[in-house]
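The values are calculated or read from the model by the stated rules, or taken from the named source; none is laboratory data. Note that the coordinates shown come from a computational prediction; the quantities given were computed from them, not determined experimentally. Don't worry about glycine lacking a Cβ; one is built from the backbone with ideal geometry, like all the others, and counts go over all protein chains shown. Surface accessibility is based on the protein's heavy atoms, side chains included, excluding ligands, DNA and RNA. Shrake-Rupley method; radii C 1.70, N 1.55, O 1.52, S 1.80 Å.
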Amino acid sequence: MSLAFHWFLPTNGDSRHVVGGGHGTPATESGRDRPPTVAYLSQIARAAEDLGFVGALTPTGAWCEDAWLTTAMVSQHTERLKFLVAFRPGFVSPTLAAQMASTFQRQSGGRLLLNVVTGGESHEQRAYGDFLDKDDRYRRTGEFLEIVRDLWAGKTVDLKGEHLRVEDAKLARVPDPVPEVYFGGSSPIAGEIAARHADVYLTWGEPPALVAEKIAWIKGLAAERGRTLRFGIRLHVITRDTAEQAWAEANRLLDGFDPATVRSVQAGLARSESEGQQRMLALHGGRRDSLEIHPNLWAGIGLVRGGAGTALVGSHAEVAERVKEYHALGIDEFVLSGYPHLEEAYWFGEGVLPRLAAEGLWRHPSAGPAAPPAQVPFAS
């Protein structure tokens with residue numbers, strides 16, 4: 001199976017510095033350096049498409065532009081790229097969400113993927129009118145996905161659940177193809193919902209040993225239900241011709257972190273109810289030293305950004321080796337990003353992907369079945 005790579009649309013703004021935000025923390029001032037206009041996001045999307053990324057993730061939350069609306073507009077400026085739209089089930093009815101997804105599939109030519117985000121921060125959820133606690137939000141997500149999947153299958157749905165109720169629900173037109181569901185979460189109940197409903201389980205970029213534990217956990221839960229899932233990982237990336245150049249860039253980003261901003265962001269994230277976020281924080285403990293937590297895995301991004309806080313840093317050859325290391329654990333999909341997103345897409349797409357292609361691990365999505373693997377000169 002060829003590895004799949006997705007890029008990221010920075011709908012909270014982009015910069016040559018790290019743009020913080022997420023998990024209840026606001027976007028940092030650097031997000032204004034390159035505003036998330038449709039024109040700029042389309043430029044990133046077209047670059048990702050040309051380079052061979054399968055799709056592009058868009059975040060969700062009050063700190064960024066709406067993912068559904070933004071990707072619908074950007075899709076009109078691309079041809080093949082899929083959009084991994086993050087959305088929160090508690091904010092729209094399941095029938096409406098199923099209809100929105102079906103419409104997106106028809107109008108985009110089948111280019112929708114769904115990243116279901118239950119919501120880890122109660123104070124942020126309350127701002128949207130959602131007052132359930134975390135475990136109840138996950139239970140509602142399970143009911144939501146049960147309804148949506150039945151609607152996509154063309155069924156008429158009657159469900160009276162603990163949190164959701166629909167009667168005689170049916171879609172006039174079902175999506176073709178049915179969007180795949182991506183889902184993440186580190187709590188016990190998140191694992192249960194993923195095992196029942198996800199097509200792809202996503203984890204943030206923890207060291208390989210911890211990722212292997214997560215994969216084994218979810219595989220076991222899914223097997224109990226007679227299901228198999230694919231696995232993906234969410235990482236930032238800083239890849240250059242040499243390791244020295246890559247680490248110089250990581251240190252440049254680190255030097256740009258204002259100490260007061262780091263303290264503020266870390267204080268906010270420390271209150272997070274998300275188990276995954278707490279695992280991210282534990283990787284660096286809010287300190288600037290010892291940020292390389294595994295060879296070529298750097299936790300510095302998490303000092304100022306919620307959610308995914310680690311980056312692969314190194315030469316193109318080293319980053320390719322780390323990709324292969326995660327793949328050996330069972331990771332088939334990589335959701336990547338970098339600052340700024342336009343330039344970093346080219347660094348990875350031109351530096352790492354050809355190396356993986358040369359080893360038969362990756363093929364450009366537009367290549368025919370008989371296309372030979374790319375041949376590149378190998379450097380450090």
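Considering only beta bridges that DSSP places wholly inside the chain, some 20 percent are antiparallel.
Cα centroids of the range 255-298 and the range 148-209: 31 Å apart.
Listed cross-link partners K160/K214; K214/K324; K134/K219 are compared with a 25 Å cut-off, the Cα-Cα value being larger for K160/K214.
Taking Cβ atoms as reference points and 12 Å as the exclusive limit, the residues near G191 contribute a net charge of 0, counting Lys and Arg as +1 and Asp and Glu as -1.
Taking every alpha-carbon pair under 8 Å whose residues sit at least 6 apart, the range 234-380 reaches a relative contact order of 32 percent. The residues of the range 251-380 expose, per residue, 40 Å² of accessible area to a 1.4 Å probe. With the simple spin-label model, which puts each label point 7 Å out from Cα in the Cβ direction, the F91 to T228 separation comes to 3.5 nm. Evaluate E = 1/(1 + (r/R0)^6) for E213 and K324, where r is the Cβ-Cβ distance and R0 equals 22 Å; express this FRET efficiency to the nearest 0.05. So, using R0 = 22 Å, E works out to roughly 0.70. With coordinates expressed along the principal axes, the C-alpha atoms belonging to the range 256-353 extend over 37, 29, 22 Å, beginning with the largest. The peptide list 98-109, 134-145, put in order of mean Cβ contacts within 10 Å with the highest first, becomes 134-145, 98-109.
Working from Cα pairs under 8 Å separated by at least six residues, relative contact order for the range 262-339 is 21 percent. Overall shape: oblate for the range 26-184, with the ratio a/c of the largest to smallest alpha carbon gyration tensor axis at 1.5 or above and b/c at least equal to a/b. Computed over the Cα atoms of the range 69-160, the ratio of the radius of gyration to the Kirkwood radius (Rg/Rh) comes to 1.00. May I ask for the net charge around H6, where only other residues with Cβ less than 11 Å from the Cβ of H6 are counted and Lys, Arg are +1 while Asp, Glu are -1? Around H6, the charge tally is +1. Ordered from largest to smallest accessible area (heavy atoms of protein chains, 1.4 Å probe), the residues K155, K214 come out as K155, K214. A crude spin-label estimate for the pair D33 and R279, with each label 7 Å from Cα along the Cβ direction, gives 3.0 nm.
Couplings 3J(HN,Hα) for the range 70-77, derived from phi with the Karplus relation 6.51 cos²θ - 1.76 cosθ + 1.60 (θ = phi - 60°), are 5, 5, 4, 6, 5, 4, 6, 10 Hz, where x marks Gly and Pro.
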